[in-house]
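Encoded as structure tokens, the structure appears first; notes follow it.
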Amino acid sequence: MGRLSIAQALLQQNARPNKVAGMGRFGINPQRRLGLSVPAMRRIAKVPGHDHVLALELWDTGMPDARIVAGMLVEPAKLSSRQMDAWAKGFASWDVRDALRELNSQLVQQRLQGKARRCAGA
């Protein structure tokens, strides 16, 4: 069983379909949801640890729960500005956007530090 299959199986095992309808009350788009809790998503993300390829594969599933886990797995140094822009266009709900806000902050910080190092060395 491949890494993506294992991650998808973990997502399914932690699904709470009875919670999906109630998510709409908080403005969360219920489409393609599994109803996972944030603690469950964090536990799932700990299984492989940072895994950039798996993060990209999970994002491509289009499932909001998988996309939040993808944000926990991605390696910020390997995520290009183009990829982050593509991810931003794929936000179908505020909770996915908020989950990736920290990742975006890390990316901006890393890029600013990189520019500062290049300027100092010039």
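Here, each number is a calculation from the coordinates, and none is a lab measurement. These figures come from a predicted structure and were not determined experimentally. For neighbour counting, all protein chains shown are included, and Cβ atoms are generated from backbone atoms with ideal geometry for every residue, glycine included.
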- [ ] Could you list the trypsin sites (Lys or Arg not before Pro) in segment 19-97 that lie in coil according to DSSP, counting only those with at most 15 other Cβ atoms within 10 Å of their Cβ?
- [x] Arg32
Open item on the list: Suppose the chain between Asp98 and Ala9 were pulled fully straight at 0.36 nm per residue; how much longer would it get relative to their current alpha carbon spacing?
Closed with: 29.6 nm
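Between rounded, prolate and oblate, where does segment 3-121 land on the alpha carbon gyration tensor, with a ≥ b ≥ c its root eigenvalues, rounded for a/c under 1.5, else prolate if a/b exceeds b/c?
prolate
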Task: Where labels lie 7 Å past Cα in the beta-carbon direction, separation of Cys119 and Arg43 in nm - done: 4.6 nm
